[in-house]
1. What's the extension gain from D34 to S196 if we count 0.36 nm per residue and subtract their Cα-Cα distance?
2. Taking 7 Å along the Cα-to-C-beta vector as the label spot, tell me the T208-D48 distance in nanometres, rounded to one decimal.
3. Relative contact order for segment 2-210: what percent, with Cα pairs under 8 Å and sequence separation of 6 or more?
4. Would you please put 159-169, 198-208, 62-72 in order of how densely packed they are, using the mean number of other Cβ atoms within 10 angstrom per residue and starting with the highest?
5. At 7 Å along the Cα-to-beta-carbon direction for both E152 and T131, put a label point, then send me their distance in nm to one decimal.
6. Can you tell me the dipole magnitude for segment 42-196 around its Cα centre, using point charges on the Cβ only (Lys, Arg +1; Asp, Glu -1), in Debye to the nearest 20?
7. Looking at segment 123-188, I'd like the Rg to Rh ratio, where Rg is from alpha-carbon atoms and Rh is Kirkwood's inverse mean 1/r.
8. If you take the beta carbon distance between D107 and N180 as r and set R0 to 25 Å, what does 1/(1 + (r/R0)^6) give as a FRET efficiency, to the nearest 0.05?
Amino acid sequence: MEITWYGHSCFRLTERNYATVVTDPYNNKTIGYDALRLKADIVTVSHDAPGHNNTEAVKGTSHVIDGPGEFEIGGVFITGVHTDTGSTGKKKGTNGTRNTLYVFDYDGITVAHLGDLQQIPTQAEIEALGTVNVALVPVGGGGSLNAAKAAEVISLLEPNLVIPMHYATPDAKVSLESLNKFIKEMGLSKPQSQPSLKVTRSGLPDETHVVVLDYQKS
């Protein structure tokens, strides 16, 4: 399968003979980047905010998923898990973003999109996600995980691959922390970025590996 990043928290997941997924399409007037011109069978929305809910920017969509549940569409199994705690640390309903994490299972390769996750997930939430091969993780703060919390979540999930998202870039209008902060938190030297990531079961590393993607123009 192939994973392509379009900036902020928006990715496209594609695999031949399977449904195409776009995650968290943004409103470019609010968030920055170029206007999205994508096609997909499925769009997922982690929460109702301009950086994540611009479903009209994605053409050809037959299914929009914006909350928890289990779905099977076009050969892709999707699990949505709610995380309701806001940045205040209080229980749901108290100034908290109702965020949904999604796990996409493409014939045994699992990709978890953490949306605008703000707090370390509970053990029950981690278990609900199951085995995660690829984790798409917010790392730039701004109401989502900062570098230190992102590193902690990664240590809990133990994915094979991590793709950071939701951080400061030259085209982002929102105020977020830099990718470098996360890279240092992980104890890495900055990896070479690449235009997209092709994932195969046989190519999954044994130890967690961070992959930095360049955001693409759609």
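Please treat every number below as a calculation from the coordinates, not as lab data. Bear in mind the structure is a predicted one, so any value in this text is a computation, not a measurement. Cβ coordinates were reconstructed from backbone atoms using ideal geometry, including for glycine residues, and neighbour counts include every protein chain displayed.
1. On the way: separation 162, 0.36 × 162 = 58.32 nm, distance 1.74 nm.
Result for the pair: 56.6 nm of gain on full extension.
2. Label-label distance for T208 and D48, simple model: 3.3 nm.
3. Working: 488 pairs, mean separation 34.2, N = 209.
With pairs under 8 Å counted, the relative contact order is 16 percent.
4. Working: 159-169: 22.3, 198-208: 10.5, 62-72: 13.4.
Ranking the peptides 159-169, 198-208, 62-72 by packing returns 159-169, 62-72, 198-208.
5. A separation of 2.8 nm, rounded to one decimal place.
6. Details: 10 positive and 16 negative charges, 118 e Å.
Once rounded to the nearest 20, the dipole reads 560 debye.
7. Numbers: Rg = 12.2 Å, Rh = 12.3 Å.
Rg/Rh for segment 123-188 comes to 0.99.
8. After rounding to 0.05, the efficiency reads 0.10.
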